[in-house]
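Everything below concerns the one structure shown next.
The values are calculated or read from the model by the stated rules, or taken from the named source; none is laboratory data. The structure displayed is predicted, hence computed values, not measured ones. FYI the Cβ positions are ideal-geometry reconstructions off the backbone, even for glycines, and counts take in every protein chain you see. What goes into the accessible areas is simple: the full protein's heavy atoms, side chains included, and nothing from ligands, DNA or RNA. Shrake-Rupley method; radii C 1.70, N 1.55, O 1.52, S 1.80 Å.
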Amino acid sequence: MKNRFIKVHETPLRLRYKYFLLKEKFIDENILQNYLEKIKDVKSVRINKKAYSIVFEITNDISHEIEEILSNLTIEELLKSCQEEEAAVCVSCVGNEEPSIGGMIRASSGLIAERFVQNDLLKAGITTAASTPLLIEGTKELFKEGLTSKVLESAAVAISIYRKDYLAANSTNAMLELGEYIEETTVHKSDDLLKELAKPNVEEAWIEVKVDDKITEVLVKSADIQVGDIVIVGAGNTIPIDGHIIDGSGSVNQVSMTGEAQPVIKYRGDRVISGTIVEEGRFRIWAEHVGANTATQRIKHYIENSLNEKSSVQLKANKLANKLVPVTLGLAGVSYIFAKDFERVASILQADYSCALKLATPVAFKSTISKAGHNGIMIKGAKSIEALNNADTFVFDKTGTLTAGELEVVNVESYDENWSEDELLNLTASTEEHYFHPVAEAVVKAAVQRGFVHMHHEEVEFIVAHGVKTEVEGKSVVIGSRHFLEDDEKIDFTPFKDKIDDAIKKGKTLLYVGYDKKLLGTIELADELRHNSKEAILKLKKLGVKNIIMLTGDTQQKAQMIASELGITDVRAELLPQDKAKIVKELMKEGKKVAFVGDGINDAPALISAHVGISMSRGADIAKATADISLLKDDIMAVVEAKEYALKTMNLINNNFNATVGINSCILAGATFGLFSPITTAVLHNGTTIGLLLNSIKGVKLKR
């Protein structure tokens, strides 16, 4: 489908287009600008996304080439254009601007210095110098955007200087600079994540090449791997590409991409994805997707584009303050017309709503962010609190969120009356303790908790993707998968088939133990629910959450069992990494305000797509970085606490707003009718502001 555009203006060296692809909210103008500036004979490009406008400065007549590119450009092509030799994302789009404390220092210095000076001319010079940036900004904003709170602030300071009320001018300026600094600091989000994403997951990898008619393995940069290359990946290494196994077998830990707590056995012909880790075995993999087209890099592109879309928050208080500006200026004008009293005008302008509105609101956010941080909940900005307050739908990833994310032994079943459960577990742990895959670690942990007694055994033989083999008292011991024991070792499972099938139906993962050519027993493992997951779900519903949804890459049967236990009716299972973000977007299109809670690399797109993303403490670094709220303590109840913080904070802000409007309206009325002098008005107005600031600094408190 062709993109629509209109040529608005043309000169020999300048073109301007109305480009309707800019209406698409996921288009980032920085990426588009970088892309278009690479066109030959294009000198520069300027984009105004709000106006859907693109201006080209050109050195030759290339309008036909430009229009062809604009017509056929796709979002996918834009994302691919960001890939560099050493980077998988477009780092040129990353902003490095930090909140500046300079304005606050300048205004505070002016306030202090003026108090120690007696000469009026010098006082005027100090105050004017400290206030000049504010006066310039106000003047510019007046001509660009009309009457705003910035214009009113500038007018109030200017009139105070004119009336030689330097204390009022400097105090107002200092408070405004303090408020702006607090607001910037509160909502500022570091771009360190994007810089980290620019680094490849795997710097180097081994591939097969033909040298002198002989196949040999060569270490190359991951960025140099081509489609069709044969990549060699061994135990402990991260798979750098998406592809198919052409030789080898072993287990792959893909919890970060699919949510499966248990490593997955892979054989020849199976597909593997980038970002997953080979725990056992060695593979030769045919590279199907490389570079920017791999699963992890597509996720990173998605995150990079979405983060750029999330611009800085324009707090609701600023908008409300701007709406009240014409009221204040109008009253000042009317008062001057009827009373011809310039002092009354100055008094009215002192009763500005914006100070309390613009300062108390960010301070309330900052207070909550600080208190939540001390309580193990890192909230990354005011927008996150607002979004969480509004969230009526909570979407939970299962593994590592509602569940602990670790396999645990939940039952030991002995099929031989001569072997107790503890003896069976000790035998298994004695054999498995030499290995460090999740199943072995879970078995050893359970044995230690029961008072582990080591059983002497011969040398352990490890069979890749199957299990382990040894001897105890001259008799063979085999531990591993059903396929290993039943098919390879020819152990008869028939007498225990019903017991085994029943455990599998209950969603348990079974480890089989054979001794002396007989099935000695099974060890049941499961990714257990957190002890307070059900309580957390119930509390969220009491706080007004209307919909609770569970997503997982696990099987439908296992997922349904977990959901039933938690009282969750909406569960989506057997999902691919990209499916979670897709479901979140669908819910948002339905008008739901979505909070997503997850912990894996595969959750990152959903975390950043949702209105607010919450990452668990033991989650992947990329999940923590992309989330709006990161839990610093491994407790699902912290999600409930975060929701409570958001609700109470927004309630505090609304109360502050009502108080600001009510009290300042009374002050404004008194100033309008000449009841208050400028000094009285300033005291009342600033006293109200300080009171509201103290109320905001006190912040909210959760009931324990």
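Quick notes
- Flag if His457 is over 20 Å from Ile500 (Cβ atoms) and not basic (Lys, Arg): yes
- Counting only strands (runs of 3 or more DSSP E) that sit wholly inside the stretch 480-575, those with at least 1 residues that are modelled with pLDDT of 95 or more are 509-515, 518-529, 547-551.
- Looking across the stretch 333-359 at every residue that is crowded, with 16+ Cβ neighbours inside 10 Å and at pLDDT 75 or above, the one that is farthest from Leu694 (Cα to Cα) is identified as Ser335.
- Some residue of the stretch 413-422 being touching a strand residue (DSSP E or B) at 6+ places or on another chain (Cβ under 9 Å) and within 11 Å of Leu511 (Cβ to Cβ): yes
- Filtered residues of the stretch 110-133 (kept if polar (S, T, N, Q), open to solvent by less than 60 Å² (accessible area, probe 1.4 Å) and without any contact (Cβ under 8 Å) to a residue 24 or more places away in the chain): Thr132
- Ile500 more than 15 Å from Glu421 (Cβ to Cβ), buried (at least 17 other Cβ atoms within 10 Å of the Cβ), hydrophobic (A, V, I, L, M, F, W, C) and touching a residue at least 24 places away in the same chain (Cβ under 8 Å): no
Residue by residue, here is whether (1) open to solvent by 10 Å² or more (accessible area, probe 1.4 Å); (2) not acidic (Asp, Glu) holds:
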{"site": "Gly567", "(1), (2)": "yes, yes"}
{"site": "Arg572", "(1), (2)": "yes, yes"}
{"site": "Asp579", "(1), (2)": "yes, no"}
{"site": "Val584", "(1), (2)": "no, yes"}
{"site": "Lys589", "(1), (2)": "yes, yes"}
{"site": "Phe596", "(1), (2)": "no, yes"}
{"site": "Val612", "(1), (2)": "no, yes"}
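- The number of residues in the stretch 426-478 that are in a helix (DSSP H, G or I), under 38 Å from the mean Cα position of the chain (by Cα), within 28 Å of Gly234 (Cβ to Cβ) and of a type in the set (Gly, Ala, Ser) comes to 2.
- Scope the stretch 52-68; condition in contact (Cβ under 8 Å) with a residue 24 or more places away in the chain and not polar (S, T, N, Q); matching residues: Tyr52, Ile54, Val55, Phe56, Glu57, Ile58, Asp61, Glu65, Ile66, Glu67
- Every pair of residues 6+ apart whose Cβ atoms lie under 6 Å, when the first sits in the stretch 518-539 and is farther than 19 Å from Thr401 by Cβ while the second is surrounded by fewer than 21 Cβ atoms within 10 Å (Cβ to Cβ) and among the small types (Gly, Ala, Ser): Gly521/Ser414; Glu524/Ala503
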